[in-house]
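Accompanying notes for the structure given below.
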Number of protein chains: 2
Amino acid sequence: MPIEPPKSKAAKRLVVLDGPRAGGAVWLIGAGPGDPELLTVKACRVLATADVVVHDGLVSPAVLDLAPAAARRISVAKRKAHHSYDQEDINRLLIALAREGLVVARLKGGDPFVFGRGGEEVAACRAAGVECQVIPGVTAALAASAAAGAPLTHRGSAQAVTFVTGHATGDAEPELDWRTLATANQTVVIYMGLSKAALIAARLIDAGRAPSTPALIVENVSLPHERRIATRLDGLGDATAGLDGPALLMIGEAMALARADAPPSLPFMGREGGAAIRVGKC
Amino acid sequence: MPIEPPKSKAAKRLVVLDGPRAGGAVWLIGAGPGDPELLTVKACRVLATADVVVHDGLVSPAVLDLAPAAARRISVAKRKAHHSYDQEDINRLLIALAREGLVVARLKGGDPFVFGRGGEEVAACRAAGVECQVIPGVTAALAASAAAGAPLTHRGSAQAVTFVTGHATGDAEPELDWRTLATANQTVVIYMGLSKAALIAARLIDAGRAPSTPALIVENVSLPHERRIATRLDGLGDATAGLDGPALLMIGEAMALARADAPPSLPFMGREGGAAIRVGKC
């Protein structure tokens, strides 16, 4: 079926529609939490062969640097003030690029299938007959818990872990099942919940979660300026004061094990004399 | 504080206790789901410098091959018939090895903090004053959903994703909060639930989850012999017949997007002419 050209001006400028060519494919790639060392080997290698990189705002510059210098880079970051691309535009862009015969690396922060809207992009590619592969990534919750030394599941204090999003437009409340999330003995990780932290805490307490439940806030997960704040559920709102980077709210009994004071990414302690090893080429 | 020597015969043979030496550390490393390409770059590099590798049964041989040939490899696989190592023994082993001044790569399938008992090992190292770092990994649910093209979260059909374990000894029931897991509009991923699949499905249906809820079983996630079965919640028990490898049960409306027929790991479609790129050295 013919695809429609992108609607927005920004998208129109970037796509040349001159009919399908062979060899194109979309790789939906989990870019991990930010630290390029937390990419998978597969992500790293496929990225290194891309003709074009289509990326979200949360993908760090250090990760983008792993693509060939000659690869075109297209940011489809959703800005609060004006959405340069809506999801439909992004879908059309990916399809159009693949039909030009290009290897398209669609980079998403974390894992493509955890709050990444990756399912919509896969479905659009499938409907258009465009080859689309997915490479999983380390979702931010895993990296945040690893760095803090606080397990997501733990004998006796966390028999389950749940990921939800706290995102809601303007003054709206996130549509979450508070009763379910208030169950004890589980870790709840809230993505994109920073601006609603006080509300989320109040709702969870209303639904029965203990106000003293340990909580951890992690901003800029895995980046050199990662910040960790250990608090309690009833202190969650106050603890977010002054934070404005992307952040996770992690709530649950096992968060009592978090070390808020450990540095974001400890240097490698092996034979290299303590120097952190960084990714060069994959 | 002095550590006790390991209790079991197998553990005793492997540890030489001759007092603490400097430079030792434990790296708790997520080995990912099995495909060595799904290791993180960081995991791969640290593993390549290990003096000793202590690994679970689920870590694939291809991943173990990434450690130096000279590194000692110690399997602490828990066997059903006889536990060669219990968790206390493993903790003591890690501490003793690090105190010998060794770089210890403690490899765990998936992510160390998702059903890996990593929290217990970190706590034991901390208590003993042994340096312990955690490297996150791609937990099996992420890899299974990526390969099947079925997102864990999805607009309109999965606003949350929950990981639980279906493990229970003998005839015991897994201790799960069925009411919470039966809530619609979420994906529930059950690790180690194969032998209890029929029971789990029955409990979820009793608790109110629709019998027609799409379900996906993925055995041997990310390995060449990965097997995927798309079914419904009420067919989950029957669908597990004949499976005996490690498997995930994935239940939720978004699993309707799963492609059960896609090959386990599609060949790379880029410029390399379709040949899958495999990890050699990191």
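Values for this structure:
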{"item": "Residue ID - nearest to A:V114 (Cα to Cα), chosen from residues in region A:47-58 that are of a type in the set (A, V, I, L, M, F, W, C) and open to solvent by 10 Å² or more (accessible area, probe 1.4 Å)", "result": "A:L58"}
{"item": "Residue check for B:D89: more than 9 Å from chain A (Cβ to nearest Cβ), open to solvent by less than 10 Å² (accessible area, probe 1.4 Å) and among the charged types (D, E, K, R)", "result": "yes"}
{"item": "Single unsatisfied condition, B:L66 versus (1) open to solvent by 20 Å² or more (accessible area, probe 1.4 Å); (2) closer than 23 Å to A:L38 by Cβ; (3) assigned to a helix (DSSP H, G or I); (4) more than 8 Å from chain A (Cβ to nearest Cβ)", "result": "(3)"}
{"item": "Complete set of residues in region B:225-247 that are outside any strand (DSSP E or B), of a type outside the set (D, E) and within 15 Å of B:L58 (Cα to Cα)", "result": "B:H225, B:G245, B:P246"}
{"item": "Residues within region A:33-46 that are in a loop (DSSP other than H, G, I, E, B) and either open to solvent by less than 10 Å² (accessible area, probe 1.4 Å) or free of Cβ contacts under 8 Å to residues at least 12 places away in the same chain (or both), tallied", "result": "3"}
{"item": "Scope region A:105-119; condition over 14 Å from A:P36 (Cα atoms) and touching a Phe, Trp or Tyr at 6+ places or on another chain (Cβ under 9 Å); matching residues", "result": "A:A105, A:R106, A:V114, A:F115, A:G119"}
{"item": "Test result for B:A158, facing chain A (nearest Cβ under 9 Å), touching a residue at least 24 places away in the same chain (Cβ under 8 Å) and either of a type in the set (D, E, K, R) or in contact with a Ser or Thr (Cβ under 7 Å, 6 or more places away or on another chain) (or both)", "result": "yes"}
{"item": "Matching residues in region B:20-32 - criterion: being over 13 Å from B:V104 (Cα atoms) and either free of Cβ contacts under 8 Å to residues at least 12 places away in the same chain or facing another protein chain (nearest Cβ under 8 Å) (or both)", "result": "B:G30, B:G32"}
{"item": "Selection count where residues are surrounded by 20 or more Cβ atoms within 10 Å (Cβ to Cβ) and farther than 15 Å from A:A144 by Cβ, scope region A:221-235", "result": "1"}
{"item": "Qualifying residue in region B:1-19 (condition: under 19 Å from B:R99 (Cβ atoms) and either facing chain A (nearest Cβ under 10 Å) or modelled with pLDDT of 95 or more (or both))", "result": "no"}
{"item": "Some residue of region A:193-211 being under 15 Å from A:L142 (Cα atoms) and of a type in the set (V, I, T)", "result": "no"}
{"item": "Every residue from region B:48-66 that is among the hydrophobic types (A, V, I, L, M, F, W, C), within 25 Å of A:T139 (Cβ to Cβ) and touching a helix residue (DSSP H, G or I) at 6+ places or on another chain (Cβ under 8 Å)", "result": "B:A62, B:V63, B:L66"}
{"item": "Residue match in region B:72-84 (condition: among the polar types (S, T, N, Q) and within 14 Å of chain A (Cβ to nearest Cβ))", "result": "no"}
{"item": "Filter result for B:D177 (without any contact (Cβ under 8 Å) to a residue 60 or more places away in the chain and within 7 Å of chain A (Cβ to nearest Cβ))", "result": "yes"}
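The values are calculated or read from the model by the stated rules, or taken from the named source; none is laboratory data. Owing to the predicted nature of the structure, the values given are computational and were not obtained by experimental measurement. Here Cβ is always computed from backbone atoms with ideal geometry, including for glycine, and neighbour counts include all displayed protein chains. Only protein heavy atoms, including side chains, enter the accessible area calculation; ligands, DNA and RNA are left aside. Shrake-Rupley method; radii C 1.70, N 1.55, O 1.52, S 1.80 Å.
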